[in-house]
1. Do you know which residues across the range 397-417 are within 16 Å of ligand 1 (Cβ to nearest atom) and either under 15 Å from residue 347 (Cα atoms) or assigned to a loop (DSSP other than H, G, I, E, B) (or both)?
2. Counting residues that are closer than 30 Å to residue 507 by Cβ and hydrophobic (A, V, I, L, M, F, W, C), which strands (runs of 3 or more DSSP E) fully inside the range 96-151 reach at least 2?
3. Of the residues that sit in the range 625-642 and are over 15 Å from residue 610 (Cα atoms) and crowded, with 17+ Cβ neighbours inside 10 Å, which one is farthest from ligand 2 (Cβ to nearest atom)?
4. Out of everything in the range 453-472 that is in contact with a strand residue (DSSP E or B) (Cβ under 9 Å, 6 or more places away or on another chain) and in a loop (DSSP other than H, G, I, E, B), what residue ends up being nearest to ligand 1 (Cβ to nearest atom)?
5. Look through the range 613-623, keep the residues that are part of a loop (DSSP other than H, G, I, E, B) and surrounded by 11 or more Cβ atoms within 10 Å (Cβ to Cβ), and return whichever of them is farthest from ligand 1 (Cβ to nearest atom).
6. Please determine, by comparing only the residues of the range 120-133 that are away from ligand 1 (no atom under 15 Å from the Cβ) and out of contact with any Gly (no Cβ under 6 Å at 6 or more places or on another chain), which one is nearest to residue 104 (Cα to Cα).
7. Does the range 313-339 hold any residues that are hydroxyl-bearing (Ser, Thr, Tyr) and in a strand (DSSP E or B), and which are they?
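The values are calculated or read from the model by the stated rules, or taken from the named source; none is laboratory data. Fair warning: this is a prediction, and the values are worked out from it, not measured in the lab. Cβ placement follows ideal geometry from the backbone for every residue including glycine, while neighbour counts extend to all protein chains displayed.
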Amino acid sequence: MKNKFVQAILVIALGSALVTSCKPKSSGDAVSGDAAEKAYVAPGKYDEFYNFVSGGFSGQLSVYGLPSGRLFRVIPVFSVDPEKGWGYSEETKPMLNTSHGFVPWDDLHHTEMSQTNGEVDGRWVFGNANNTPRIARIDLKTFKTAEIIELPNSGGNHSSPFITENTEYVVAGTRFSVPADYSNGDVPINTYKENYKGHISFVSVDKKSGEMDLAFQIVTPGVNFDLSHAGKGKSHGWFFFSCYNTEQANTLLEVNASQKDKDFIMAVNWKKAEEYIKAGKGKKQKVKYAHNTWDEHTHSAKSVMKDEVLVLDASELKDICYMIPCPKSPHGCDVDPTGEFIVGSGKLAALIPVFSFDKMQAAIKGKKYEGDYGGIPVIKYEEALHGEVQKPGLGPLHTEFDGKGNAYTTFFVSSEVVKWDIKTLKVLDRVATYYSVGHLMIPGGDSKKPFGKYLVAYNKITKDRYLPTGPELAQSAQIFDISGDKMKLILDFPTIGEPHYAQAAPADLIRNNGQLKFYKLEDNKHPYAAKGEKEAKVVREGNKVHVYMTSIRSHFAPDNIEGVFLGDEVYFHVTNLEQDWDVPHGFAIKGANNGELLIMPGETTTLKWVPDRVGTFPFYCTDFCSALHQEMQGYIRVSPKGSNVPLQFSLGTNVPATK
Ligand code: K7E
Ligand code: CUA
């Protein structure tokens, strides 16, 4: 039975391979007979891993189970999300505040989980905003974005957010070099070489609370920083960044930034940088950036504008940054679990260079330089090189590790994942992906202790993998079993947005981290909370009307409101009185230029509504909460400005009619 099924798939796949020339050759036989079993998680059974996947241009982070590929949740981070009221409720709006004001969208490429001693600890996951540079921290007790910090002096925060071994710092390198915020930016674009600078941000993370703070930045010559990873073990205290456009082109980068044979991996001694900061070598610079934090007691965000950053100059302090030549426009920059090997993936290179941390240290000691780049010493290529992986594939992008001495690299152009031995640099296996693969992820695969077992490839152009859906097709993720010598495809599934980097952790690590099930009403410190129906009321303050509303299965209190006038601003502060897991209520009102509210048990959330006409407007609960959910509704009457309808509100009584 099973074989017949596989044969049928083979026939179909081969048939379509003839029609579609761009399909990888071995597409038909990639799935073996027992694959379905390996990815099958029976209904009611839990997955082995949580998988946190960046949403790319969706700006969100999605949570899948591995190996089933089941989607559990989409966590709103940098983009507004009407489904959850993120960026629509008054409480969440400050989370998306920046020095440019409210920014309702961004481009999230990389997720990175917090670590302790170089191991994934399951507390937080960080994400980067590329467009308007920011870093977010998502709390894995609540699966909510808890904090967002903006990064000054940056443009295109791509090389981010990568963390050090004990989450001392989350680090971010600017993709676009730009004139610093503290310098004059009104300069001719063709003065890139003189006026454009790169900045690397070191954002400290509080050990207990996780709260971030922009500790310092390092200013470098203008280049594009693409990706990075922290050293670990023996290389703890160092950070490695891939740089391209070391040609410093400001136009047609496609050609002009591909001139040089080699660009650089920049090695940063951040422990040394810390010493310089302590010694007062950082220059205070005037900048402007927002720091937004979520308070679990007031269920509200606060946005604070900050105006200063300490900047160290890499060209003045000669021993914090070193350049290592790396062929050719490197993208991924990945450090193996031992911390000894640094892999630079040159997008246009026909080989993969692997650098040795020990050799690099010896080269620095012996000053084996071949000159400098904008005042930063350039180490001789051979002096830092462990070796090269020859003929690995075309267009190497990213590498992860299984903790057994193997590395796995994605190849965008040749659409494959290649497994190779870190020490001998021999290619061991290769497997096709559908199609052009970007990032890949092995659970814990960029930590000191990878969990191994699965490898997920996150693919870009996924033509004819799934049923067509118009001009835009779903991107795909593909799971490979890597427990044996050969990689085996076991499942693929579509993703939210465009996936880039991802992280994963064993399910128990997160499931048992003391997850919040509901907010305790007695701990609710929201200034407009109504902690029981007796506290429900409507209060007028000038043209502002505050509705202290409660919700419980299956009614709102109050559910009849009169005495609101055209020109009023109405604030519905809805407290969910439930004290039980997974019983949210929703709130929506006709004509609102806004999203809905989705209020967790014990939480208070506010929807602002400005009526635009006289009339009577229904509101209702949007979350199917009980058999009488459809009865969970109410009315608000809006009268002309200046009319004498008294302010009144009720539940369960017909208040006397007024004209
Ligand atoms: Cu390679 Cu933006 Cu990490 Cu995508 S980046 S693939
Ligand atoms: Cu509350 Cu439906």
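1. Matches in the range 397-417: 397, 398, 399, 409, 410, 411, 412, 413, 414, 415, 416, 417.
2. 119-129, 134-139, 144-150
3. If we take residues in the range 625-642 being over 15 Å from residue 610 (Cα atoms) and crowded, with 17+ Cβ neighbours inside 10 Å, then 634 is farthest from ligand 2 (Cβ to nearest atom).
4. Within the range 453-472, the subset in contact with a strand residue (DSSP E or B) (Cβ under 9 Å, 6 or more places away or on another chain) is 453-460, 462, 465-466.
When the remaining residues are screened for being in a loop (DSSP other than H, G, I, E, B), the result is 453, 460, 462, 465-466.
Working: 453: 23, 460: 7, 462: 14, 465: 18, 466: 20 Å.
Per the criteria, the residue is 460.
5. The residue in question is 614.
6. 132
7. Residue satisfying the conditions is 322 alone.
To keep it simple, each residue is scored yes or no on (1) of a type in the set (Lys, Arg); (2) touching a residue at least 60 places away in the same chain (Cβ under 8 Å); (3) within 16 Å of ligand 2 (Cβ to nearest atom); (4) in contact with a Gly (Cβ under 9 Å, 6 or more places away or on another chain).
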site	(1), (2), (3), (4)
381	no, yes, no, no
387	no, no, no, no
390	no, no, no, no
403	no, yes, no, yes
421	no, no, no, yes
434	no, yes, no, no
